[in-house]
Amino acid sequence: MTTTFEERNIKLNKNLEEQRHSDFLQYYVQHVENKLAIYIISRDEDQLWTNNNTESMNHRLKLKLNWEPRKTDKLVEKIFKLVTVEMVDLGRSLYGTGNFYLNTRFSKFKITKLSWAAKTEEEKQQLFSKFLASTASVSGLTSSDGKYTVHKDLKVAKKPNQRTRCRST
């Protein structure tokens, strides 16, 4: 890690402790700090964030902050609130409300609003954790509305009536 990053990271941790943002500090240490360090010291720029990702998040932050410069701790608070709202909205997609919808590959997690309301907080958290941890194997390409699927063929494409000939030795 670079010295500048280490110094600023220590300063940020100290500032978050002083401001009593223990929830965000815990989240930052567990999920963000290592990834941020990897992105800063990484030399393989093809694997870093794409411009679309950063531009989209930058726009959302500017809207949240009303395009005004703020202190770091206020910015961190806003980012934490944004992430929290995104996660809540993602959870709402399980029972069909909110801004997100489940892709057909994840439709096995969809439940009715009534059955969601009947679940305990622990059951809801467990279902949401399973949803976040799941990965769908892609056997083909599915359209965004889920109506059309193009399957991957494991064989190499051949022209009609094409034969394979024995190789001479």
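The values are calculated or read from the model by the stated rules, or taken from the named source; none is laboratory data. These numbers were taken from a predicted model, which means no experiment stands behind them. A quick note on method: Cβ atoms are made from the backbone with ideal geometry, for glycine too, and the neighbour counts reach across all protein chains shown.
Hey, could you check region 49-77 for residues that are in a loop (DSSP other than H, G, I, E, B) and within 21 Å of residue 28 (Cα to Cα) and say which is modelled with the lowest pLDDT?
Going through the qualifying residues, I end up with 49.
So in region 18-46, with the set limited to residues that are surrounded by 13 or more Cβ atoms within 10 Å (Cβ to Cβ) and within 13 Å of residue 5 (Cα to Cα), which one is modelled with the highest pLDDT?
Only one residue tops the list, namely 33.
Restricting attention to region 127-169, which residues are outside any loop (DSSP other than H, G, I, E, B) and either at pLDDT below 75 or closer than 18 Å to residue 96 by Cα (or both)?
127, 128, 129, 130, 131, 132, 140, 141, 142, 149, 150, 151
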